[in-house]
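Novice: After the structure tokens below, expect a handful of questions from me.
Every number in this text was worked out from the coordinates using simple rules, so none of it is lab data. Please read these numbers as outputs of a predicted model, since none were measured by experiment. Cβ coordinates were reconstructed from backbone atoms using ideal geometry, including for glycine residues, and neighbour counts include every protein chain displayed.
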Amino acid sequence: MPSQDLRIVLEHIPVGMFRTNCYVLGETRSHRAVVIDPGAEGERIAGRIGALGLQPVAILITHAHIDHVMGAWSLKEELGGEIFLHPKDQPLLDDHMIGLDDLACAHVPRFAADRTLEEGDVLDFGPIRLSVIETPGHTPGHVSVYFPEAKSIFVGDTIFAGSIGRTDFPGGSHDRLIRSVKEKIFTLPGDTLVYPGHGPGTTVEREMRTNPFFR
């Protein structure tokens, strides 16, 4: 968890039928918040943010599959905050089929991101200073969001505790995903906390040592 002297709060909110992990990073002095992957239940996420006394300034989407974006638009309409997405994943928002809307039995408004996320971007929200790392494989424009001050990385569906993301959806690539993990995630310090898009958290060291896809 983030160091208390940073006055950072981290809320983990599983949402929707796929129990997608939505994360809320907040800073208690400025009351600013960053929301990562509001995959559904935008009103519930907004209610929790309000209860914490926070105001969203950014909604970061690791990738544009329906179970990671479905709550983004309603959250923005209710509380504000710019939506960030890698441009290579915009087609997943534009096309119901490749965005897997039918798999979730749901449809969301077609919308364009307000701002892009690309390799090397540094997102400065005061004490919340995040680095963007491109980790394609699950989708062409998949990104991970690194919070070095808290030794944390939010990896979407790139890697899970003991597993990896699927690569059989349109635009997926197993080889690219494996490279992304080895070259972008496993090069971080071993005690880095890994927060995935589904399931429990883990660490870089644990996955390097035990994940069967990398033995």
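Novice: Please indicate, with yes or no, whether at least one residue in the range 145-155 is touching a Leu at 6+ places or on another chain (Cβ under 9 Å), of a type in the set (V, I, T), under 22 Å from G42 (Cα atoms) and touching a residue at least 60 places away in the same chain (Cβ under 8 Å).
Specialist: yes
Novice: Still on this structure: Would you please name the residue that is surrounded by the most Cβ atoms within 10 Å (Cβ to Cβ), looking only at residues in the range 130-163 that are on the phi < 0 side of the Ramachandran plot and over 15 Å from the mean Cα position of the chain (by Cα)? Working first, answer last.
Specialist: In the first step, residues of the range 130-163 are kept if they are on the phi < 0 side of the Ramachandran plot; the result is 130-136, 138-150, 152-155, 157-161, 163.
Next, only the ones that are over 15 Å from the mean Cα position of the chain (by Cα) stay: 148-150, 161, 163.
Numbers: P148: 13, E149: 14, A150: 20, A161: 16, S163: 14.
Across the range 130-163, the extreme among qualifying residues is A150.
Novice: Still on this structure, I have one more. So which residues in the range 26-58 are touching a Leu at 6+ places or on another chain (Cβ under 6 Å) and crowded, with 20+ Cβ neighbours inside 10 Å, if there are any at all? I'd like the intermediate steps shown before the answer.
Specialist: Of all residues in the range 26-58, those touching a Leu at 6+ places or on another chain (Cβ under 6 Å) come to 26, 31, 33-34, 36, 38, 42, 45-46, 56.
Residues satisfying the conditions are G26, A33, V34, I36, P38, G42, I45, A46, P56.
Novice: Would the range 197-208 turn up any residue that is over 22 Å from H65 (Cα atoms) and among the acidic types (D, E)? I'd like the intermediate steps shown before the answer.
Specialist: Pass one, the range 197-208, residues over 22 Å from H65 (Cα atoms): 202-208.
When the remaining residues are screened for being among the acidic types (D, E), the result is 205, 207.
Taking every residue of the range 197-208 in turn, at least one turns out to be over 22 Å from H65 (Cα atoms) and among the acidic types (D, E).
Novice: OK, next. Restricting the search to the range 179-194, which residues are touching a strand residue (DSSP E or B) at 6+ places or on another chain (Cβ under 8 Å) and either surrounded by fewer than 17 Cβ atoms within 10 Å (Cβ to Cβ) or among the hydroxyl-bearing types (S, T, Y) (or both)?
Specialist: Matches in the range 179-194: S180, G190, D191, T192.
Novice: So which residues in the range 9-63 are among the acidic types (D, E) and touching a helix residue (DSSP H, G or I) at 6+ places or on another chain (Cβ under 7 Å)? Outline the logic, then answer.
Specialist: Step one: of the range 9-63, the residues among the acidic types (D, E) are 11, 27, 37, 41, 43.
Within the range 9-63, E11, D37, E43 qualify.
Novice: Let me confirm something: among R209, R176, which residue is over 15 Å from the mean Cα position of the chain (by Cα), farther than 22 Å from I36 by Cα and without any contact (Cβ under 8 Å) to a residue 24 or more places away in the chain?
Specialist: Numbers: R176 fails: without any contact (Cβ under 8 Å) to a residue 24 or more places away in the chain.
On inspection, the qualifying residue turns out to be R209.
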